[in-house]
Amino acid sequence: MIGGKPMRIPKGDGLGMGRVLEETPRYLIETARELMAAPPIPGPSREPRNVIIAGLGGSAICGDLLINWLGGSIGLPILVSRNYALPRYANEHSLVIAISYSGNTSETIRQFLEAKEAGCQVAAIASGGRLEELCEMAGAPFLRVRPGFQPRAALPFMLLSLAHILKSYGIVDFSWREIESASSLLDSMRGSIGIGAPEDRNEARGLSRRLLGKFVSIYSAESMSGVARRFKDQLNENAKSPSRFEILPEAFHNDVEAQWPIPGSVAILIRRRDEGKEEAILLDQLRDLLSEGGGPVEEIRGLGEGLGSILSCVYFSDYVSYYLALEKGVDPTPVRRIEALKAALRGRGYLA
Ligand code: PA5
């Protein structure tokens with residue numbers, strides 16, 4: 001039920017990814033309220049000198065989005081570590097937050113164990129699994145998020161849990177009101193891009209149709225790099241479509257020399273509404289260059305500011321990837337190859 005009306009589940013979405021998208025604004029606000037009412041997380045025993053967010057895929061992306069959101073005010077080095085090993089510098093002055101929706105991802109568990117071994121301070125976020133057990137044994141802070149979701153669909157729970165840990169440790173600061181406004185913003189967007197919106201005026205659906213059969217090249221400035229990566233990942237996992245992302249200004253120092261436009265591709269620029277002067281110049285220049293090349297260029301522009309600007313782009317592009325899956329006739333929910341690969345790697349003794 002959305003807004004008191006029963007929701008029409010589109011054909012081809014038997015497992016209900018659309019329902020999760022429609023409920024995202026509510027999940028955000030509910031999670032914010034739960035976290036505000038939660039008992040305080042015990043503070044760090046030593047002030048951390050660096051922070052490592054250890055995770056992969058749909059869980060790790062929360063680290064990138066958090067950095068886009070709050071990174072400007074973080075006075076410590078902060079890294080999202082998507083590997084089976086922690087960086088060598090991790091030591092007793094590091095805070096390692098392991099984030100894995102299942103709680104069972106081998107690489108994340110390995111990094112957690114290495115962090116314990118290296119004397120780092122640790123905390124974790126998961127829906128359960130081995131990470132929860134390990135935290136219990138270590139007496140480490142653990143935030144349990146709601147079970148029953150695909151990792152990428154659990155973004156509201158995990159992103160806010162991560163922000164909550166960092167806020168409790170005094171590493172970031174934000175106001176819970178900002179989450180309330182972001183949630184209202186997404187709620188209002190749903191009226192025009194959600195499943196119940198008139199199709200001919202639904203811009204997310206329109207864009208998904210223009211992406212059908214295309215390779216998608218996503219561009220953004222550094223301040224929205226997590227959003228660009230998230231969009232690429234969602235096109236891969238929801239729509240089972242190939243795509244890539246490139247970040248400015250770096251792309252002007254290499255990617256620009258490649259054949260533009262890439263034949264059969266669509267370029268999409270992710271832009272925040274509150275972008276700074278330099279970002280605006282870079283992205284305008286990119287748009288002009290791509291347009292001169294004659295390839296199709298699209299823009300996704302955030303609404304609101306701060307978290308709102310980030311999440312409004314994520315929400316719009318999540319819907320685009322969802323509608324693209326439906327257009328292609330693929331179920332947006334299952335990720336069978338990812339699961340099969342995890343099993344195959346285990347079978348080969350990977351990280352056993
Ligand atoms: O979205 C997905 O299903 C994947 O990208 C997973 O997030 C990734 O495989 C890691 O799993 P988990 O999030 O459970 O740690």
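Assorted remarks:
- Per residue, the accessible area of the range 285-352 comes to 49 Å², computed with a 1.4 Å probe over protein heavy atoms only.
- Given 11/214; 232/342; 167/232, the pairs whose alpha carbons are separated by over 26 Å: 167/232
- Distance between the range 220-245 and the range 84-150 - C-alpha centres, whole angstrom: 25
- Cα gyration tensor shape for the range 70-156, rounded if a/c is under 1.5, else prolate or oblate: oblate
- The chain, relative contact order [Cα under 8 Å, separation at least 6], %: 19
- Computed across the range 291-331, the Kirkwood radius stands at 11.9 Å (inverse of mean 1/r, all Cα pairs).
- As computed over the range 25-94, the Cα convex hull volume per residue (Å³): 121
- For residue 246, the amide hydrogen comes within under 5 Å of the amide hydrogens of 218, 219, 220, counting only partners 5 or more places away or on other chains and with H modelled in the peptide plane.
- Looking at the chain, the DSSP beta bridges with both ends there are about 5 percent antiparallel.
- Euclidean distance of C-alpha centroids, the range 17-73 and the range 301-352, integer Å: 17
- Mean separation of Cα pairs under 8 Å and 6 or more residues apart, divided by the residue count, gives the range 7-162 a relative contact order of 24 percent.
- Sorting 127, 312 by solvent-accessible area of protein heavy atoms yields 127, 312, largest first, with a 1.4 Å probe.
- Vicinal HN-Hα couplings computed from phi for the range 55-68 (Karplus, 6.51 cos²θ - 1.76 cosθ + 1.60; Hz; Gly/Pro x): x, 9, x, x, 8, 4, 4, 4, x, 5, 5, 5, 5, 4
- Computed packing ranks the peptides 193-201, 179-187 as 179-187, 193-201, most packed first, by mean other Cβ atoms within 10 Å.
- Percentage of interatomic Cα-Cα distances in the range 230-283 larger than 19 Å: 39
- Along the range 249-256 the Karplus relation, 6.51 cos²θ - 1.76 cosθ + 1.60 evaluated at θ = phi - 60°, assigns HN-Hα couplings of x, 3, 4, 6, 10, 6, 3, 4 Hz to successive residues, with x for each Gly and Pro.
- Peptides 77-86, 255-264, 221-230 ranked from most to least packed give 221-230, 77-86, 255-264, packing being the mean of other C-beta atoms within 10 angstrom over each peptide's residues.
- Taking all protein chains as shown and a probe of 1.4 angstrom, residue 146 keeps an accessible surface of around 60 Å².
- Using only Cα coordinates, the Kirkwood hydrodynamic radius of the chain works out to 20.9 Å.
- The portion of the accessible surface of the chain made up by carbon and sulfur, rounded to a whole percent, is 51 (1.4 Å probe; DNA, RNA and ligands excluded).
- Cross-link reach is defined here as a Cα-Cα straight distance under 16 Å, omitting same-chain residues fewer than 8 places apart; for residue 240 the aspartates and glutamates meeting it are 13, 318, 327, 331, 339.
- The ellipsoid equivalent to the alpha-carbon distribution of the range 55-208 has semi-axes of 32, 18, 14 angstrom, derived from the gyration tensor eigenvalues as √(5λ) and listed largest first.
- The orientation-averaged shadow of the Cα convex hull for the range 212-330, equal to a quarter of the hull surface, comes to 6.6 nm².
- Once all protein chains are placed together, residue 290 keeps about 10 Å² accessible to a 1.4 angstrom probe.
- Dimensions (Å) - the range 1-139, Cα atoms, principal axes, largest first: 52, 30, 28
The values are calculated or read from the model by the stated rules, or taken from the named source; none is laboratory data. Keep in mind it's a predicted model, so treat the numbers as computed, not measured. Using ideal geometry, Cβ is built from the backbone for each residue, glycine included, and neighbour counts are taken over all protein chains shown. Accessible surface is based on the protein model in full, side chains and every heavy atom, while ligands, DNA and RNA are left aside. Shrake-Rupley method; radii C 1.70, N 1.55, O 1.52, S 1.80 Å.
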